[in-house]
Amino acid sequence: MNPRVNEILSIEPFTIKALWSDDKVRTIDFGSFLSDYFQKEQSIYFKILNEEQFRKAKTDGKTIYWENVAEMVDYDGKLVPAPLDFCPDVLFAQSELIS
């Protein structure tokens, strides 16, 4: 199992620097990683590809997520807000070691 995201250290337009559970600092360039989605307004990823929304990224100690960006159907069949998150293994594979 790959390390997990412990803490977000900085957020720049479409790049996040984070401390991982192996005590290493890595950056993830979401601009490159999600470059195909900048023009696809119907995509869920398009919703985080603007600076204001992107800067709202959070971590739960495992991965990086954005609150209330996605939607899901609850047990009553209602559409409710949900977070958009990424598998931490995917983030690790897309990251670059800084220190």
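The values are calculated or read from the model by the stated rules, or taken from the named source; none is laboratory data. Bear in mind the structure is a predicted one, so any value in this text is a computation, not a measurement. A quick note on method: Cβ atoms are made from the backbone with ideal geometry, for glycine too, and the neighbour counts reach across all protein chains shown.
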Practice item. For the range 2-19, state whether one or more residues are of a type in the set (Ser, Thr, Tyr) and in contact (Cβ under 8 Å) with a residue 24 or more places away in the chain. Key: no
Practice item. Confirm whether ASP23 is free of Cβ contacts under 8 Å to residues at least 40 places away in the same chain, closer than 20 Å to LEU97 by Cα and surrounded by fewer than 16 Cβ atoms within 10 Å (Cβ to Cβ). Key: yes
Check your understanding: In this structure, does PHE14 turn out to be surrounded by 18 or more Cβ atoms within 10 Å (Cβ to Cβ), touching a Gly at 6+ places or on another chain (Cβ under 7 Å) and within 26 Å of ASN2 (Cα to Cα)?
Key -> yes
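Here's the yes/no breakdown for (1) on the phi > 0 side of the Ramachandran plot; (2) of a type in the set (Val, Ile, Thr); (3) at pLDDT below 95:
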{"position": "ASN6", "(1), (2), (3)": "no, no, no"}
{"position": "SER21", "(1), (2), (3)": "no, no, no"}
{"position": "THR27", "(1), (2), (3)": "no, yes, no"}
{"position": "PHE33", "(1), (2), (3)": "no, no, yes"}
{"position": "LYS40", "(1), (2), (3)": "no, no, yes"}
{"position": "LYS47", "(1), (2), (3)": "no, no, yes"}
{"position": "THR63", "(1), (2), (3)": "no, yes, no"}
{"position": "TRP66", "(1), (2), (3)": "no, no, no"}
{"position": "LYS78", "(1), (2), (3)": "no, no, no"}
Check your understanding: Out of all the residues in the range 58-76, which are of a type in the set (Val, Ile, Thr), farther than 19 Å from PHE46 by Cβ and surrounded by 11 or more Cβ atoms within 10 Å (Cβ to Cβ)?
Key -> THR59, THR63
Practice item. Among what's in the range 77-99 and is of a type in the set (A, V, I, L, M, F, W, C) and under 16 Å from the mean Cα position of the chain (by Cα), pick the residue that is surrounded by the most Cβ atoms within 10 Å (Cβ to Cβ). Key: LEU91
Point to revise | Qualifying residues in the range 26-46 (those that are in contact with a Leu (Cβ under 7 Å, 6 or more places away or on another chain) and buried (at least 16 other Cβ atoms within 10 Å of the Cβ)) - the one farthest from GLU67 (Cα to Cα) | key: ARG26
